[in-house]
Amino acid sequence: MGTRRENDLAEWDRLVNNKWYAAGHMGDNNCMPLPTDKQAAAGIKRIHKKFMGYAFRGKVVKAKRRNQYTWQRYEKGQAVFVFNQNRKTPRNMTGWADMAHCMAHYVHSRKRPNERPHSQAELALETEITNFVLSPAFDKYRLPQ
Ligand SMILES: [Zn+2]
C-alpha cells in the first residue's frame, strides 16, 4: 500500500520490521506459530480499542480469501472487521506482523483521512502498535496458550 522513499525504508526497518524479524514473524526467521482465529479476533478488538479509542461493536470475522487484507468492511450495511492471519507479504510477514501493519493503515486512514499512507505519523503509529503487540500485555493473543 502506497510508496515510500528509500530513506524512510531504513527507518521502517529500524522501528518496525527488525522487531518482527527478531521475534520470529518475518522473512527467513518466520518461525512463530500463527495466532488461532479466537486469538486473532480478540487481538484485533484489543488493538482497535486501544488505538481508535473505542470498542468495535460489529462482528470480527476471518477472511474467506487467503490474500485478503485485515480491514473493516460493510456487509449488508453492517460494519464487520475482517482479519487474516494467513496473508503473506513479499517479505514473508504473516500473522501479527501483517495484521499490525494493516491495523496501522486502518487507524491512520480513519484518524488522518487526508494524509498519505506511510507518512511519519503512520510510522509513529505502527511503531506503537508493533511495540504493543510484541509486549507481554499481548502475549495471550500472540503466543500458543
Ligand atoms: Zn503499508
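We did not get these values from a lab; they are worked out from the coordinates using the rules stated. For clarity, every value in this text was computed on a predicted model and none was experimentally measured. Every residue, glycine as well, gets a Cβ built from its backbone with ideal geometry; the counts of neighbours run over all protein chains shown.
Side notes on the structure shown:
- Between residue 60 and 81, the built amide H atoms are under 5 Å apart, and every one of these is 5 or more places off in sequence or on another chain.
- Gap separating the Cα centres of segment 119-141 and segment 72-111, nearest whole Å: 14
- Note on the chain: Rg/Rh from Cα positions, Kirkwood definition for Rh, rounded to two decimals, is 0.94.
- Exceeding the 22 Å Cα-Cα cut-off - candidates 49/140; 76/140; 45/140: 76/140
- Compared with the alpha-carbon gap, the fully stretched path from residue 111 to residue 89 is longer by 5.4 nm at 0.36 nm per residue.
- Dipole magnitude of the chain, debye to nearest 20 (Cβ charges: Lys/Arg +1, Asp/Glu -1, about Cα centre): 780
- Computed from backbone phi with θ = phi - 60° and the Karplus coefficients 6.51, -1.76 and 1.60, the 3J(HN,Hα) list for segment 83-98 is 10, 8, 7, 9, 4, 10, 8, x, 8, 6, 9, 10, x, 5, 4, 6 Hz; x is used for glycine and proline.
- Segment 52-144: GluC sites (Glu not before Pro) falling in loop per DSSP and having at most 15 other Cβ within 10 Å: 115
- The 3J(HN,Hα) values that the Karplus relation (6.51, -1.76, 1.60; θ = phi - 60°) gives for segment 18-29 are, in residue order, 4, 5, 5, 4, 4, 8, x, 10, 7, x, 7, 10 Hz. Gly and Pro appear as x.
- Euclidean distance of C-alpha centroids, segment 5-41 and segment 50-66, integer Å: 20
- Per-residue extension of 0.36 nm, minus the Cα-Cα distance of residue 65 and residue 37, leaves a gain of 8.6 nm for this segment.
- Residue 77 sits among other residues whose Cβ lies under 15 Å from its own Cβ, and their net charge, with Lys and Arg +1 and Asp and Glu -1, is +3.
- Annotation: the antiparallel percentage among DSSP beta bridges lying fully within the chain is about 55.
- Placed amide H near residue 118: partners under 5 Å, 5+ positions off or other chain: none
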